[in-house]
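The values are calculated or read from the model by the stated rules, or taken from the named source; none is laboratory data. Quantities reported herein were computed from a predicted structural model and do not represent experimental measurements. Neighbour counts are summed over all protein chains in view; Cβ atoms, including those assigned to glycine, are modelled from backbone coordinates with ideal geometry.
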Amino acid sequence: MTAKRPRFHTRSLVILSVLALGAVLPSQAEQWPNWRGPSHDGSSPELGLPTTFSKTENVAWGVELKGQGASTPVVWDDQVFITSAIPGDSPTADGLLSMQCFDRESGNLLWEDQISGRTTLDNRSNTASPSPATDGTRVVFFFGTGDLLSYSMDGKRQWHEKLTADDYYFSFLWTFSSSPLLLDEKIYLPILQRDKRFSQNDLQRGEPGKEDNDSYLLCLDAANGKELWRENRPSEAVAESLEAFGTVVPHEVDGKNQLLIAGGDCLTGHDASTGKELWRWGTWNPDRIGHWRLVPTPCAGAGKVVIPAPKKAPVYAISLGGSGDLGEDWLAWTSDPDEASSDVSSALLYQGRYYLVDGDRRTKALVCLDPETGKALWRGELETKSKMEAAATGADGKIYMVDHGGKVFVASADGNEFKLLHQVEMGEKGDEPARSPIVVSQGSLFLRIGAKLYRIGS
């Protein structure tokens, strides 16, 4: 493990010591401990965030990362954690998987570590797609190779577990990229994979010598990485529709914490202590189409859990509070797919409304949905020809978004009409695709654009 200064532009902030005693951080400063933020829905109660900025305006610092990745930075106090993939000498050669920690205030590199492993398993992403997670005591990093590592906050490696053996990967057509959930000294990962092993790009997907693969919810002890339990999660989905890339979402239902999982053509709620399935709703895929893999993570709030179905299908909202196999009575609403749909981007719940980046059509848009009916209150066009797959972030009365090319949009979180407040190109050639949602913490925005990480805000 080494520590060195970043290679990209860094600008030190000069703050009088008297101000540092009490005026550096906003009164409602928040951590951003995982990829969907403190509330697990893409929102934060942060105030005083910047609205306008560029590569040269309102930039506290910018650092060059070790490589690209879709992972979102996570922030705890004065530390910013992120992962990157450093390619090997050829597409089939092992490269390096990098874990870096930066000082939030200055952008200086505090510590880093690397392991060797495959950086690409397909031609659309890399294995640094899952985001880290921290609880302020430890930080855990996960990669699409199956490598899961835990570090103390000062960079001492505590343990390293590999969830697959060296001779195979999880049974996914694309690269497995679910992010870990770190909660109450436990780590949760949903392994929702296809039921048959196969070979893709000369790589074995699924355990050799085992004809069938299980999908399951995995729980590990955060102290040592050892498995506490796994709960099988069967599904009637077929082929690629068994594969899901979302993250486990904790949500309190009737006074108890449940773990919400989407994928395999259905939504399920699980007991947080045992993984036991409490309820199930499905399906948005009654014809059992075989290529409806699911990328978005569920978003829960207002008594419902919302999940977009893939391939320009509607958004579905299921009422919470049920048990067993839920029927159609538990379907609260579906969106008009011409108004709101998302193949990749997860929904945002902010100030009592759901927001969705509809980024897979020719005309990209931000859509505001009524939480009770699913009706689009408005649909605001975003001027870009790039795909938009990163989820939106809500804070300080604003919605922050980014497209594949690194163009950032800031809109007003106004439930009555669409108001675009700012748009700016933050990316450069070679930065695409930018898939990491924008992070907000302690009065600043954190943007991961390609192999660069910016902190926006003074």
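Listed residues Glu46, Glu105, Glu112, Glu57; which is under 20 Å from Phe143 (Cα atoms) and not basic (Lys, Arg)?
Glu112
Which one of these does Asn224 not meet: (1) crowded, with 22+ Cβ neighbours inside 10 Å; (2) polar (S, T, N, Q); (3) farther than 25 Å from Asp329 by Cα?
Status for Asn224: all satisfied but (1).
On the phi < 0 side of the Ramachandran plot and more than 20 Å from the chain's Cα centre (by Cα), is that true of Arg293?
Against the criterion (on the phi < 0 side of the Ramachandran plot and more than 20 Å from the chain's Cα centre (by Cα)), Arg293 does not qualify.
When segment 145-175 is examined, which residues are found to be small (Gly, Ala, Ser), closer than 24 Å to Asp202 by Cβ and at pLDDT 95 or above?
The one that is small (Gly, Ala, Ser), closer than 24 Å to Asp202 by Cβ and at pLDDT 95 or above: Gly146.
Please go through segment 280-333 and give me each residue that is over 17 Å from Phe245 (Cα atoms), crowded, with 19+ Cβ neighbours inside 10 Å and in contact with a Lys or Arg (Cβ under 7 Å, 6 or more places away or on another chain), ordered by number.
Listed by number, the residues that qualify are Ala317, Ile318, Leu320, Leu326, Ala332.
Just the residues that are in contact (Cβ under 8 Å) with a residue 60 or more places away in the chain and closer than 18 Å to Leu65 by Cβ, please, taken from segment 111-124.
Passing the criteria: Trp111, Glu112, Asp113.
Of everything in segment 136-178 that's of a type in the set (Gly, Ala, Ser), closer than 24 Å to Arg124 by Cβ and in contact with a strand residue (DSSP E or B) (Cβ under 8 Å, 6 or more places away or on another chain), which residue is surrounded by the fewest Cβ atoms within 10 Å (Cβ to Cβ)?
For segment 136-178, the residue satisfying everything is Gly146.
Restricting to segment 117-140, count the residues that are closer than 30 Å to Asp184 by Cα and either of a type outside the set (Lys, Arg) or modelled with pLDDT under 95 (or both). Let's see the steps before the verdict.
Kept after step one, since they are closer than 30 Å to Asp184 by Cα, are these residues of segment 117-140: 117, 126-140.
So of that shortlist, the ones also either of a type outside the set (Lys, Arg) or modelled with pLDDT under 95 (or both) come out as 117, 126-137, 139-140.
The number of residues fulfilling the criteria is 15.
Take Val14 and decide whether it is at pLDDT below 95 and not in a loop (DSSP other than H, G, I, E, B). So that I can check it myself, show each step before the final result.
Numbers: at pLDDT below 95: yes; not in a loop (DSSP other than H, G, I, E, B): no.
So Val14 fails the test.
With respect to the numbered conditions (1) under 16 Å from Ala451 (Cβ atoms); (2) surrounded by fewer than 20 Cβ atoms within 10 Å (Cβ to Cβ); (3) touching a Gly at 6+ places or on another chain (Cβ under 8 Å), which one is the sole condition not fulfilled by Asp94?
Going through the list (1) under 16 Å from Ala451 (Cβ atoms); (2) surrounded by fewer than 20 Cβ atoms within 10 Å (Cβ to Cβ); (3) touching a Gly at 6+ places or on another chain (Cβ under 8 Å), Asp94 breaks only (1).
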